Every structure is written in C-alpha cells, then in structure tokens.
Amino acid sequence: MKKIMDKTLKLAFWSIVEIVVLSVALTCTSCSKDEDVLSQEEIETKIIGKWKSTSMNGKEDLTNNKVVKTFLSNNKCIHSTSRYYNGKFLWQNKVPYQYEIKGNELTENLGEDGTLRLLLSKVTSINEATLCYHSYKSITPEGGEKAENDNCNFHKVTADYSQDIIGMWEGVEMTGDETYGDANHRIEYKADGTYVYYNKDGENWKPSENVDNEYNVDGDWLATRWRPAAGADYEYEWWDIDEIKNGTMKWSALREKGDKTRYTTTFTWKKIQLQ
C-alpha cells in the first residue's frame with residue numbers, strides 16, 4: 001500500500017512540475033508587461049521590419065481586420081489595412097507615415113496627406129518574433145484627445161509574396177462556409193496592382209463585369225476590392241497567404257458570421273501558364 005501511495009505522490013509531484021513548466025513556457029511566448037526593462041535602443045533595433053497584427057485585447061484578429069506595419073530605420077513606417085473603421089471602409093495600400101520612439105513610448109502619426117492623427121502607445125514586449133504594445137491615447141486631426149485602452153499584438157513577417165502572386169491562377173479547392181464553385185473561376189494578378197476575375201462559361205473563360213479591381217499584397221496578407229458596376233460602392237475581400245510554392249498558392253482566412261460564430265476558410269489555387 002505504501003509503495004502505491006509513494007508512486008501516486010511521485011506522479012502527482014511530476015504532474016505539478018509539468019504544469020508549472022508549461023505555464024512558464026506559455027508565459028515566455030506571450031506578450032508580457034516588461035516595459036520597465038525595455039531600453040529605447042533595444043526597441044529601435046528590434047522594431048525594424050514587417051509586422052502583422054495577430055490579436056487585440058486577447059482576441060484573435062479576423063483576417064478582414066488585420067494591419068501590416070513595416071518599420072524602417074529612418075523613422076518612417078509603411079502601413080497597410082483594409083477594414084471597416086469608424087463607419088466606413090479604409091483602403092490603405094502601403095501608406096507611408098512617421099513614427100518616433102522615446103524610451104518605451106511609440107508615437108505614430110497615422111494621418112494622411114500630412115494630417116496630424118497621433119496614436120500613443122507603450123511598447124510592453126518585443127523580440128525577434130513578437131511585438132506588443134498598449135495604446136493609451138489618440139489625438140485627432142482637430143487636436144482633440146481620446147483615451148484608448150488596447151493591447152495590440154503583432155508577429156514578424158518574413159515572407160513577401162507581392163511578386164510571386166503575379167500571373168493567372170485557377171481555383172482548385174475551397175473549404176469552409178464560402179464556396180464559389182471551386183474550379184469555375186480564375187484570377188489574373190497584374191504587376192500594376194489590378195486584377196481580372198474570370199468565370200467559366202461552358203468551355204470558355206469570361207471576364208467578370210466588375211470594375212476598378214485592385215489588390216494589395218503586403219508580406220503575406222492579401223486585400224482586394226472591386227465595384228460590381230461603375231459608380232457602385234466598393235466590395236472587399238481579405239486573405240492570409242500561407243504559401244506560394246511550385247505553382248500552388250494556398251490561402252486561409254478567419255471569418256465571423258452575424259451571430260459572432262467564427263470559422264476558417266481555405267482556398268487552393270494552381271498557376272496557369274498563358275499561351
């Protein structure tokens with residue numbers, strides 16, 4: 001009986017150890033508030049590069065609500081997003097703006113055409129793979145101040161698919177709640193940032209009647225917009241590019257239904273060599 005109890009106690013002890021080790025590991029890989037030990041030099045060095053948002057206030061970002069920021073060494077940043085914000089859709093295709101770091105304070109001037117719109121944040125954690133900051137105040141173009149309270153997490157992006165996507169692609173497979181007839185469509189991405197969408201009509205491929213088709217690939221994030229007809233409102237679609245390799249392109253997207261249920265959609269394409 002004593003041997004059984006000893007063995008049980010040992011198992012319980014090592015189970016606790018495993019839990020503690022796992023907790024420590026998870027803490028080390030998440031964003032922690034270590035702003036007191038972050039130096040300005042460390043932030044200035046590690047922030048250089050391309051970052052894509054992953055979550056805000058502990059909730060994973062939907063693909064249609066992501067932001068891509070490329071911090072350069074000359075206090076300039078390139079910003080891409082395409083989302084519904086303050087009652088309207090934003091379309092920011094690699095828009096440049098200024099940023100400044102003082103201590104662990106990050107100030108971004110997100111205004112367009114030189115307009116002042118400052119976002120003030122404290123960098124709470126940064127390493128080679130993750131960037132986390134707490135946004136606490138914004139200043140509007142009119143000079144008014146607004147309190148913010150958002151914990152924003154980003155991960156470093158090393159892939160750049162802006163050139164690999166150029167060409168004609170045919171749909172092969174789609175999973176999730178969105179299906180468009182699978183292989184009955186093609187998209188031709190052009191080097192000038194426009195694209196042509198094709199539907200299959202019998203044995204022939206027919207360009208759609210959409211107009212003003214634009215796309216933006218920033219790192220591994222793809223945003224598209226188009227008008228169903230001239231003068232109509234833009235419609236939008238967003239994807240994460242998981243891979244472009246050996247003539248195959250794979251996408252995925254985290255979506256949300258009207259009832260707040262979330263689901264993931266995937267899309268696979270094959271490259272078509274035009275004659």
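The values are calculated or read from the model by the stated rules, or taken from the named source; none is laboratory data. Because the structure is predicted, anything quoted here is derived from the model rather than measured. Here the Cβ is made from the backbone with ideal geometry for all residues, glycine too, and neighbour counts use every protein chain on show. We work out accessible area using only protein heavy atoms, side chains counted, and drop any ligands, DNA or RNA first. Shrake-Rupley method; radii C 1.70, N 1.55, O 1.52, S 1.80 Å.
Look through the stretch 10-69, keep the residues that are in a helix (DSSP H, G or I) and at pLDDT 95 or above, and return whichever of them is most open to solvent (accessible area, probe 1.4 Å). If we take residues in the stretch 10-69 being in a helix (DSSP H, G or I) and at pLDDT 95 or above, then Glu41 is most open to solvent (accessible area, probe 1.4 Å). Within the set of pairs 6 or more residues apart or between chains, which connect a residue that is closer than 21 Å to Val68 by Cα and among the charged types (D, E, K, R) inside the stretch 192-217 to a residue that is open to solvent by 60 Å² or more (accessible area, probe 1.4 Å) and not in a strand (DSSP E or B) with Cβ atoms less than 6 Å apart? Every condition considered, no pair remains. Listed by first and then second residue, the pairs linking a residue in the stretch 223-235 that is acidic (Asp, Glu) to a residue that is part of a strand (DSSP E or B), with Cβ atoms under 7 Å apart and 6 or more places separating them unless they lie on different chains, are Glu235/Arg225; Glu235/Trp226.
Residues in the stretch 158-214 that are of a type in the set (Ser, Thr, Tyr), part of a strand (DSSP E or B) and modelled with pLDDT of 90 or more: Tyr189, Thr194, Tyr195, Tyr197, Tyr198.
Looking only at the stretch 124-155, count how many residues are of a type outside the set (S, T, N, Q) and surrounded by 17 or more Cβ atoms within 10 Å (Cβ to Cβ).
The number of residues fulfilling the criteria is 8.
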